[in-house]
Every structure is written in structure tokens, then in C-alpha cells.
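Undergrad: One structure coming up, written as C-alpha cells, with questions to follow.
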Amino acid sequence: MSVELIDDLELEIQRLRKEQNAVILAHYYQQAEIQDLADFVGDSLALSRQAAETDKDVIVFCGVKFMAETAKLLNPSRTVVLPDRSAGCSLVDSSPPAKFKAWREQYPDHVVVTYVNSSVELKAMSDYTCTSTNAVQVIEAIPKDKQIIFAPDKNLGRFLAKQTGRDLVLWPGSCMVHEIFSEKHLVQLKVEYPDALVLAHPECEEGILRHADYVGSTSGILNYATQSDRTRFLIGTEARMIHAMQKQAPDKEFIPIPTTDGCACNECPHMMKNTVEKVRDCLRDLTPEITVPEELREAALRPIRAMFEVTGKPLRGL
Ligand code: 13P
Ligand code: SF4
């Protein structure tokens, strides 16, 4: 798209944002143009906080469906729109609620901790939710004599078991983006750039995490890189995250770890569905709107409240 067309679109979005009294929230995995026009860019925890605390009438959630649903759970009187209704998540797809319910019944005494990257139905069957930022804190808050199920990401679960020394029962879900980084290519990059630090998201497989100098959420990776006195980093998370990193640390070098097919372009196909045009359209038409039936909302909010009680920063209205 030409620069003039992008400028026209952005002007239209500014006008509509005012007219609709809307806030635009964007995840770090959104395309650069969307990150640049958003009111706030962040990780899933920070975006939930923004959604819960906004006074605006409309929340345009530039991310995926489970994130927009969390915004609706937390702030039900707002209109929440997602630029592309089909922007899903492989972790949601790999944990169908009926299957999970049947599996969970085998462990009736276990506490269920569910990653926010999950459906509303899964949350409603859980005791706590967590994000990659606060997952260790949530697990550590559960009494040692309690056994724990962790769902739906097995890689994050394995990482948490290691970090906390707890024996977690894991649901076998995974992120289609983080599971395809190549250990072989990472080792080659480490040889090529011996000064570089490896920063990885805990959704990566063990073969990547064992080389990491830092493992953390998207905001954790960003903060680590900007605060470090090192200048070169190998990045094991979604490739568009590098836009936010480069903006905050323009003098540093961020090299994406390639996937198993050698591509240094590991982008989430769900996050990619949102475009600047779709942001304009959803602001204008207030659709696709995200709604959650009230009974389900109440049930799914319970583990989210439990998470915020653990982290000690309760949200307004919770
Ligand atoms: P964060 O919570 O770290 O932002 O991660 C979201 C996500 O979708 C990771 O794949
Ligand atoms: Fe889901 Fe992975 Fe995409 Fe995050 S990056 S939204 S976990 S598929």
C-alpha cells in the first residue's frame, strides 16, 4: 500500500476513534503499522489491565480472540471489537472444552491453572488463570500439598514445573509459532554471534529454552533487552515483536531465531489476520463484536480474579 493511502487510512482511524470514543489496544505481535497507531501496545497481562480500566465506550482489540474475550470478561459494559473474527490461537484449538472436561475429571482433587491463552469455557473450568508474566507467582501461591493441572500449553507447563519444582499434570497443547524454532539454526547463530544473548518465550520447546540466557513473557523479553548492557540478541518469539524492541532500543541488534524450515519470519498466522483496513472497518461498523453469555462470564471471571488476588494488584470492579 502506498504511503498516501496509509496516511489517509490513519487519518480516518483517528477520526473514527474520536467519534466512537474508542481505545485501540495492540499486542506486540501485531504488524508494525497497527502497533504504531495503537493507544497502547503491550503483552497480554498489560492489555487486560488497560481493557479493565478504560473509560472509553469501545475497545478495539488488535490481537487474537482469547485476548478480546478477556477484555470483555473484565469490562462487560464496553463494546469490544476484534478486527478479524477468525483471529484464533492454536492453544485454544488444541484444547476443546468437552475433551478437557472429560480429562480433568480424572483428577478431581487437582487445582487447575489455565494460561490465559485459552477459551472462555476452559477458564470457566479452572481455579486460576495466569499469563506468562505471572505464571510462576500463581503456581507458587498454591499450597505445596495440592496437586496441580496446568493447561493448555505443555511447553510453558514444563518450564513452570522446572522453575517451581512442582510436579504439574500437563495438557498436551502447544503454540504453532513457538514450537517451530530450530535448535540447529539457533546453535549456528550462537557460533556466528558469540556475543549475542538468547531471549526466548516459555512457549518454546525445551531444545530452544536450554540455550536461553533469559526466558520470559513478551514484556519480560523487551525489558530485559532494553535494560541489558549487551547490544545483540537472538530472539525466540514471534518475529513482529522485534518492531517494538527496535523502537525502544534503536541502537541494539535483534536477530530472529529461524524456524525448522530456515525462515527468519516466524509470524503468528492468527495475529497476521488483523490489518489496518480491518481496524478502520471495525471502528466504523463496531463489528465483529465479541460477546460472552453472562453465566459463562461469571464462571470465567472467577479464576481471573484469583490470579489478580495472587499478584496483589486487583483490578477496578473485580
Ligand atoms: P505474552 O503474554 O507474553 O504477551 O504472550 C502472548 C502470546 O500469545 C504468546 O504466544
Ligand atoms: Fe496463540 Fe501462539 Fe499465536 Fe500466541 S503466537 S496467539 S499462543 S498461536
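Undergrad: Counting each DSSP H run of 4 or more residues in the chain as -39500 (n - 2.57), what helix-only mean residue ellipticity at 222 nm follows after dividing by all residues, to the nearest 500 deg cm²/dmol? Before the final figure, lay out the partial values.
TA: Values: 15 runs with 137 residues, N = 318.
My calculation for the chain gives -12000 deg cm²/dmol from helical runs alone.
Undergrad: Could you state the number of Å between the C-alpha centres of the stretch 125-162 and the stretch 270-294?
TA: The distance from the Cα centre of the stretch 270-294 to that of the stretch 125-162 comes to 31 Å.
Undergrad: May I pose another question? Give me 171, 103 sorted ascending by neighbouring Cβ count inside 10 Å, so fewest comes first.
TA: On the way: 171 24, 103 15.
Ordered from fewest to most neighbouring Cβ atoms within 10 Å, 171, 103 come out as 103, 171.
Undergrad: Return 100, 61 ranked ascending by Cβ neighbour count within 10 Å, so the fewest neighbours appear first.
TA: Numbers: 100 24, 61 28.
The fewest-first ordering by Cβ neighbours comes to 100, 61.
Undergrad: Among all the aspartates and glutamates, which ones have a C-alpha under 14 Å from residue 252's C-alpha, if same-chain residues fewer than 8 places away are not counted?
TA: Output for residue 252: 195, 229.
Undergrad: Quote to one decimal, in nm, the extra length available between residue 93 and residue 8 on full extension: 0.36 nm per residue of separation minus the C-alpha distance between them.
TA: Values: separation 85, 0.36 × 85 = 30.60 nm, distance 3.67 nm.
Gain in length upon complete extension: 26.9 nm.
Undergrad: Moving on. Give me the percent relative contact order of the chain, please, defined on Cα pairs under 8 angstrom at least 6 residues apart. Walk me through the numbers on the way to the answer.
TA: Numbers: 617 pairs, mean separation 73.2, N = 318.
Relative CO of the chain lands at 23 percent.
Undergrad: Any chance you could get the radius of gyration and Dmax over the Cα atoms of the stretch 56-190, in Å?
TA: 16.4, 51
Undergrad: Decide, for the chain, between rounded, prolate and oblate: order the square roots of the alpha carbon gyration tensor eigenvalues as a ≥ b ≥ c, take rounded if a/c falls under 1.5, and otherwise choose prolate if a/b is larger than b/c, else oblate.
TA: On the way: a/c = 1.78, a/b = 1.04, b/c = 1.70.
Since a/c reaches 1.5 but b/c is at least a/b, the shape of the chain is classed as oblate.
Undergrad: Now for a different question. Would you mind ranking 2, 217, 94, 118 by Cβ crowding within 10 Å, fewest neighbours first?
TA: Values: 2 7, 217 23, 94 20, 118 28.
With the sparsest Cβ surroundings first, the list reads 2, 94, 217, 118.
Undergrad: Once both labels are modelled 7 Å past Cα along the beta-carbon direction, what's the residue 227-residue 251 spacing in nm?
TA: According to this spin-label approximation, the distance is 2.0 nm.
Undergrad: Next up: By how many nm would the segment from residue 210 to residue 188 lengthen if fully extended, with 0.36 nm per residue of separation less the alpha-carbon distance? Before the final figure, lay out each step's value.
TA: Details: separation 22, 0.36 × 22 = 7.92 nm, distance 1.48 nm.
Extra length available between residue 210 and residue 188 comes to 6.4 nm.
Undergrad: Using Cα centres only, tell me the gap between the stretch 79-109 and the stretch 248-267 in whole Å.
TA: Using only Cα atoms, the two centres lie 29 Å from each other.
Every number here is computed from the coordinates shown, using simple stated rules; none is lab data. Predicted model only: the values in this text are computed from it and were never measured. Note that each Cβ is placed from the backbone with ideal geometry, even for glycine, and that neighbours are counted across all protein chains shown.
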